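Here is the structure we will look at.
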Amino acid sequence: MQSFSNTLFADAETAYVDASYGIFGVPFDGTTSYKAGCRDAPAAIRQASYNIETYNPYYDIDLPDIPFHDMGDIYTECLPDLVVAQVEDVVLDLMKDGKVPVMIGGEHSVTIGAVRALCPTWYVVCDAHLDMQDEYRGSAFNHDCVTARVSEITQNIIILGARSGTKDEFTSAREKYHLYTADDIKSKGIRSVLDEVSELVGNDPLYLSIDADSIDCCLTPGLGTPEPFGLTPTDIREVVRTLAKNAVGFDYVEVLPNDAGQTAMVAAHLIREFIAGHACRSKHND
Ligand code: MN
Ligand code: MN
């Protein structure tokens with residue numbers, strides 16, 4: 001039999017019923033404040049995923065040996081609160097069916113729906129921004145309000161790579177949450193920061209959200225709200241490798257595929273790294 005190309009995430013060929021992971025896209029960018037277009041990210045990231053070898057040498061696993069299924073994209077409503085409700089619905093279904101959700105944004109607001117459904121003990125986010133506005137430009141579900149909405153579900157919040165926000169946001173993040181700015185990570189090193197994070201979360205369930213702009217925009221410029229002086233793709237891979245084993249859900253959001261393809265490529269790699277890391281969690285329990 002010949003191989004056929006398709007538009008699914010590469011190697012996501014397991015039927016839904018047999019899959020342990022459900023990938024889905026949320027092509028929504030209705031509240032983006034600077035450059036719009038991250039609705040095109042799920043398609044760009046799926047396309048990029050075909051460039052990657054099926055074998056993951058770090059985990060010594062072939063991705064086709066992991067049962068994961070690509071459900072396609074949610075046909076999104078146009079208002080952010082409705083899209084958040086759609087995501088919550090999809091994630092509740094995945095939970096009921098015993099599958100780990102792997103969500104591809106779209107803008108960051110979609111994360112709220114997944115966290116609402118999963119109610120994890122910890123929320124760990126890599127982001128240049130604090131996203132702590134209670135309301136922004138007329139909506140409490142703006143992509144600048146994600147952490148504010150998540151804090152209504154859990155106060156155990158760890159923010160990695162932040163470097164942009166108001167004075168009030170930084171003061172409040174330092175008081176209430178575990179904040180590691182991009183500068184903190186630069187001076188301490190990602191490994192030592194992740195040792196502290198592992199100590200904090202222990203064996204508790206966590207939700208891991210990667211906002212693509214946590215990575216320095218000079219490395220991956222395909223972003224709606226680009227920020228320099230950020231983390232590296234390797235730093236984020238270290239985050240994913242360290243935390244995948246505790247994760248009950250994962251997302252990668254805010255890619256704006258208007259660059260030479262490097263931002264979507266990093267995203268595709270890290271989504272695969274999450275699936276491999278989670279699937280191999282019993283092997284890498286140290
Ligand atoms: Mn964000
Ligand atoms: Mn951001």
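Bear in mind these aren't lab numbers, they're just calculated from the coordinates by the rules spelled out. The shown structure was predicted, so the numbers you read here are calculated from the model rather than taken from an experiment. For neighbour counting, all protein chains shown are included, and Cβ atoms are generated from backbone atoms with ideal geometry for every residue, glycine included.
Observations on the model:
- Listed peptides 54-66, 160-172 appear in the order 160-172, 54-66 once ranked by packing, highest mean of other Cβ atoms within 10 Å at the front.
- For region 44-119, the fraction of alpha-carbon pairs in successive 10 Å shells from zero, as %: 16, 42, 31, 12, 0
- From the Kirkwood radius over Cα pairs of region 112-197, Stokes-Einstein at 37 °C and 0.692 mPa s returns a whole-number translational diffusion coefficient of 249 µm²/s.
- Order by protection proxy (mean Cβ within 10 Å, highest first), peptides 258-270, 195-207: 258-270, 195-207
- Residue-averaged 222 nm ellipticity for the chain, from DSSP H runs of 4+ at -39500 (n - 2.57), nearest 500: -10500 deg cm²/dmol
- Selected from 192, 214, 49 as most flexible by GNM, with the chain as the system and alpha-carbon contacts under 10 Å: 192
- Label-to-label distance for residue 35 and residue 8 is 3.3 nm, based on points extended 7 Å past Cα in the beta-carbon direction.
- Dimensions (Å) - the chain, Cα atoms, principal axes, largest first: 60, 44, 39
- Computed over every Cα-Cα pair of region 26-153 and binned at 10 Å starting from 0, the pair-distance distribution P(r) comes out as 12, 39, 34, 14, 2 percent.
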